[in-house]
Each structure stands twice: as C-alpha cells, then as structure tokens.
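The block underneath contains the structure these notes are about, expressed in structure tokens.
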Amino acid sequence: MSIIAKRGVHFMQKLNAANVPAALLENGQRRVIDASLTLIRERAKLKGELLRALGGSVASASLLGVPLGHNSSFLQGPAFAPPRIREAIWCGSTNSTTEEGKELNDPRVLTDVGDVPIQELRDCGVDDDKLMHIISESVKLVMEEYPLRPLVLGGDHSISFPVVRAVSEKLGGPVDILHLDAHPDIYHAFEGNKYSHASSFARIMEGGYARRLLQVGIRSINKEGREQGQRFGVEQYEMRTFSRDRQMLENLKLGEGVKGVYISVDVDCLDPAFAPGVSHIEPGGLSFRDVLNILHNLQADVVAADVVEFNPQRDTVDGMTAMVAAKLADTLITN
Ligand SMILES: NC(=[NH2+])NCCC[C@H](N)C(=O)O
Ligand SMILES: [Mn+2]
Ligand SMILES: [Mn+2]
C-alpha cells in the first residue's frame, strides 16, 4: 500500500475512534472531490481551447494518469506508474517522433491533463464507490473538450472499468474492446472485491458497455475465467494458439456499427523478457513487435485507450519496462 494510503487508513481509523460527526467528513470530502475534478476540468478545457485555436486536429490523445494500485491482488506498485511512464515518454534517450511518424511534441498529437489525485482522495477517506465515480467523471471531462481523446495511464487494471463506463456513457452506447493481457480479468469478484483488477471486465460486460470483447495474449486462465468468458460471449485468444491466430489478429477490423473502439493494454500481455516490470510474471507471452503489429494494423476508430499494470517497483534498474509502457502509449495514439 502507498505511504499516503497507509497514512490515510490510520487517519480514518483515528477519526472513527474519535466519533467525528459523519457530516463533517462528508462535507470535507465533497469539497476535496469538487476541487480534484475542477483541476482536471480546467486543464482539459485549456488544452481543448488551444487545440481548437490551432485547428487541424480531429482527434488528439490526451494523457490522464490514474495512480491507483490498491485493487491489485498481489502487489500495489502500479500506483507509482504514471510519472514513470511520462518520464520515459519524454526521456532524452529516445526520439519524439514515433516509428509511425507521429510527432509527440505537436499538441495536436499529444497533450496531458495530469493525474486523478487517487492517493490524496483515499487519504481523505474517499471510498472505492466514490473513487470509481471520480475516475469516470474525470474521463468524461476530457472527452467534453473536442478533439481530446483519453489515453489513460494506470494504475492497476481495475481502472479500466470506470474508464470504459465513462467512454460508453459519454458516447451513448457500447464500444468494441481490444484487450491485450496474460489474464482475462473477468472473475465475478476476485478475492471478494468487485473492483478487483482481476474483475474489471466482468463489470464492463455486466454493464453493457462493450458489444465485443477480444482478449489477446491469454495464458493464465482457469475454469471461472473460461466460464465467465462464455457467459459474456468474450472472444478469448490464448497464447497456446497464437501461431495459428496471428494472421487474423494482426489484421483486425473492429467497431463497425458501434460508437468506437477501446484498447486496453495490460503490460503483462508481453513476455517477461520484454516487460519484467509487472506484478504478475507469466512466461510465454507476446513479443513487443507482436503487439506493435496488432496495433499498427488494427482498422478502428480508437476513441480511448489505457496502459495498465506497469509496476515500477519490479522494473530493471535502467527502467526498461517504463520505456516499454511509454512506447505502448505512443502506439495507442492513433489519430
Ligand atoms: N490485471 C492483472 N494483472 N490481473 C492479474 C490477475 C491475477 C490473478 N491471480 C488471476 O488468476 O488472474
Ligand atoms: Mn494481466
Ligand atoms: Mn489485466
């Protein structure tokens, strides 16, 4: 658990012991939540105004960090990922032009509205129901500023539920989802937690926020994962048949007849040889080039995306997985 969160838990325990009036806490939390959303709103509004003044952009990725790790079933290091990913995106060792020729320094290609202050909100005793609502509202604030499209930096995979919910609600209907992961993350409530990072796609499918869900890279799945996949009609592509499925997966066309396509990339979809800085190491994964082939060749109107489960506390000393997460984020800029 993060230092701030630990302090928050102790703080709340002391408050409860002192019988502080509930109304005092609720009013204070409401002020902090409003202030948190105001900062996201004003940042998004400024970036949107600048892009509309510049002209020439119909879709522009905008980074939104969600430093949340407490819904992880094993390690909580993903809470520290967003600043490490930004550091790698702008690292002087790399090139600000992507291999597809996107110029990251052009605000019409990439902007940034900062982080949702997750740990600070938890320090004020804000519970997960409210926290997930704040994440959804933050995503909607970005989408309200045309031509911004959210490119969300996790955080553990639990954040994909409130993000996809927001995207679907804002667009007025379901999307198609391309989900790259070693895990299906579709347990009903993993370890009894409905917001678990291993249950986010159960919440998404229950909510009707996705028409199609294609899961690629799967190699850690059990009976419940398969049964839940069948229950929701999930198209699960496991690594054990990737050599057979590769041709189709590297030429996907998604989103016809729905509001758009959402891409969720769990960094552990990659083989640990390419991305050791994750909490759940599962050998036999995708190569980085496999992922680039799938994303570069995808025919879709990508309305939003996320990169999740990078754990800086497990990375190599030279920050290799931070750079992998950064390049994944760059590749998800599809405008
Ligand atoms: N988003 C993730 N990394 N999920 C990991 C889930 C791990 C869990 N033990 C499982 O059986 O699937
Ligand atoms: Mn995973
Ligand atoms: Mn996952």
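The values are calculated or read from the model by the stated rules, or taken from the named source; none is laboratory data. Source: prediction; values computed, not measured. With ideal geometry, Cβ positions are generated from the backbone for all residues, glycine too; neighbour counts draw on all protein chains shown. Please note that ligands, DNA and RNA were not included when accessible areas were found on the heavy atoms of the full protein model with its side chains. Shrake-Rupley method; radii C 1.70, N 1.55, O 1.52, S 1.80 Å.
If a paramagnetic tag sat 7 Å from the Cα of Asn297 along the Cα-Cβ line, which residues of region 244-279 would have the backbone N under 12 Å from that point? Once the point is set 7 Å along Cα→Cβ of Asn297, 244-253 turn out to lie under 12 Å by backbone N, inside region 244-279. Put +1 on the Cβ of each Lys and Arg and -1 on the Cβ of each Asp and Glu in region 1-116; which of Val116, Asn105, Ala35 then has its Cα farthest toward the positive end of the dipole? Result: Ala35. Here the chain has 52 percent of its accessible surface on carbon and sulfur atoms, given a 1.4 Å probe and all protein chains in place. For GluC sites (Glu not before Pro), the sites in region 103-209 that DSSP calls loop and that have at most 14 other Cβ atoms within 10 Å are Glu144. Under 8 Å for C-alpha pairs, at least 6 residues apart: give me the relative contact order for the chain, rounded to a whole percent. About 21 percent, as a whole number. Region 8-57 and region 269-335 have Cα centres spaced 30 Å apart. Computing FRET efficiency as 1/(1 + (r/R0)^6) for Asn27 and Glu49, where r is the C-beta to C-beta distance and R0 is 45 Å, gives about 0.90.
Under the simplified labelling scheme, the Leu37-Lys253 pair shows an inter-label distance of 4.1 nm, with each label point 7 Å from Cα along Cα→Cβ. When Met323, Met248, Met132 are compared by accessible surface with a 1.4 Å probe, the order from highest to lowest is Met248, Met323, Met132. Probing with 1.4 Å while keeping every protein chain in the model, the per residue accessible area of the chain equals 41 Å². Full extension of the chain between Ser287 and Glu191 yields a length gain of 31.5 nm, computed as 0.36 nm times the residue separation minus the alpha carbon distance.
When the chain is treated as a GNM with alpha-carbon contacts under 10 Å, the residue of Cys124, Cys91, Cys269 showing the greatest mean-square fluctuation is Cys91.
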